[in-house]
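Structure record follows, encoded as structure tokens.
The values are calculated or read from the model by the stated rules, or taken from the named source; none is laboratory data. Note that this is a predicted model, so its numbers are computed, not measured. Cβ placement follows ideal geometry from the backbone for every residue including glycine, while neighbour counts extend to all protein chains displayed. Keep in mind that these areas ignore ligands, DNA and RNA; they rest on the heavy atoms of the full protein, side chains included. Shrake-Rupley method; radii C 1.70, N 1.55, O 1.52, S 1.80 Å.
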Amino acid sequence: MEKGVVEGRVEEFSMGYYGLCTVGGMLSAGTTHLAITPFDVLKVNMQVNPIKYNGISSGFNTLWKEGPSALWRGWSGKLFGYGIQGGFKFGLYEYFKKLYSDVLVDHSRSAVFFVSSASAQVFADVALCPFEAVKVRVQTQPNFAKGLADGFPKLYASEGLSGFYRGLFPLWGRNLPCYAAGAVGTVISNPADNIVSSLYNKKADTVLQAVKNIGLVNLFTRSLPIRITLVGPVVTLQWFFYDTIKILSGLPTSGELRRNLKEAT
């Protein structure tokens, strides 16, 4: 019988298991982020041009007047960028869950899950960062590029490799707190989300300059309502789709940590 496969099923914590989790993460994250592209377009434009896009209803109306396609700017960055991020996030989460459960034997399951998620997110955001750099520009600068295919070479030609990772630290600051509960994590991460958009639109050259330009209050309030609307449902749907894929494959859900986990191979 093939190693890592037991009675026709993938064995937990085998290479096949991690591969399946990676593919499941790509599918769940890529599709959910693709579905919310219009909301993401509005959010980013509210951050970059708050005068023109000063509310959810009026902002959508403004985008609609530019043409229905305006609502789907950056869709390829959402699908492929967050698909790749999801593959890293969920695949590495399972890897770190096994690793930390062996090391942190005296800690609670919640601590193991939290540290595993945060560790996976660090690497996932490194993978996402180049896609996010192009996506934000496509969404806020209609003349920049049509998508990833022409956006990647154009950004590299103008800013080099550093242009793709200008917003990495703010991206970590945006995504890592989202493991906190509900709206609290969204509020905490909102300043970093605004900074990401500012840096990638050359509204500022550094994080400190972006903070100064945006203002302390605006860092926490600008685009916050639409982010609160989106973050919770998107995260919930990702884990729902991901665990559904695992269940259909005969595997336990992500919240299960078996007593014999340390013995799994």
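Things to note:
- Within the stretch 202-229, the residues that satisfy the criterion of being touching a residue at least 24 places away in the same chain (Cβ under 8 Å), under 18 Å from GLU132 (Cα atoms) and open to solvent by 20 Å² or more (accessible area, probe 1.4 Å) are LYS203, VAL207.
- Taken over the stretch 142-160, residues that are closer than 16 Å to LEU199 by Cα and touching a helix residue (DSSP H, G or I) at 6+ places or on another chain (Cβ under 9 Å) amount to 4.
- For the stretch 66-103, the set of residues classified as closer than 13 Å to PHE13 by Cβ, among the aromatic types (Phe, Trp, Tyr) and open to solvent by 40 Å² or more (accessible area, probe 1.4 Å) consists of TYR95, TYR100, listed by residue number.
- The one condition in (1) more than 27 Å from CYS129 (Cβ to Cβ); (2) modelled with pLDDT under 95 that SER69 fails to fulfil: (1)
- Within the stretch 123-167, the set of residues being of a type in the set (A, V, I, L, M, F, W, C), open to solvent by 20 Å² or more (accessible area, probe 1.4 Å) and within 21 Å of MET46 (Cα to Cα) comprises PHE131, PHE144.
- Within the stretch 105-121, the set of residues being among the β-branched types (Val, Ile, Thr) and assigned to a helix (DSSP H, G or I) comprises VAL112, VAL115.
- Taken over the stretch 221-256, residues that are farther than 27 Å from VAL44 by Cα, of a type in the set (S, T, N, Q) and either assigned to a helix (DSSP H, G or I) or under 20 Å from the mean Cα position of the chain (by Cα) (or both) amount to 2.
- Here is the figure for the stretch 36-65: residues that are in a helix (DSSP H, G or I), open to solvent by less than 70 Å² (accessible area, probe 1.4 Å) and of a type outside the set (Lys, Arg) total 16.
- Checking each residue in the stretch 1-42 for being in contact with a Gly (Cβ under 9 Å, 6 or more places away or on another chain), farther than 21 Å from LYS97 by Cα and at pLDDT 95 or above picks out GLY30, THR31, THR32, HIS33, LEU34, THR37, ASP40, VAL41, LEU42.
- Matching residues in the stretch 148-197 - criterion: being touching a Cys at 6+ places or on another chain (Cβ under 8 Å) and in a helix (DSSP H, G or I): PHE164, LEU168, LEU171, GLY185, THR186, SER189
- Residues within the stretch 106-139 that are of a type in the set (S, T, N, Q), under 13 Å from SER76 (Cα atoms) and touching a Leu at 6+ places or on another chain (Cβ under 7 Å), tallied: 0
- Condition check for ALA29: within 16 Å of the chain's Cα centre (by Cα), open to solvent by 40 Å² or more (accessible area, probe 1.4 Å) and either over 24 Å from ARG109 (Cβ atoms) or not charged (D, E, K, R) (or both): no
- There is no residue in the stretch 73-86 that is touching a helix residue (DSSP H, G or I) at 6+ places or on another chain (Cβ under 6 Å) and either farther than 30 Å from VAL122 by Cα or among the acidic types (Asp, Glu) (or both).
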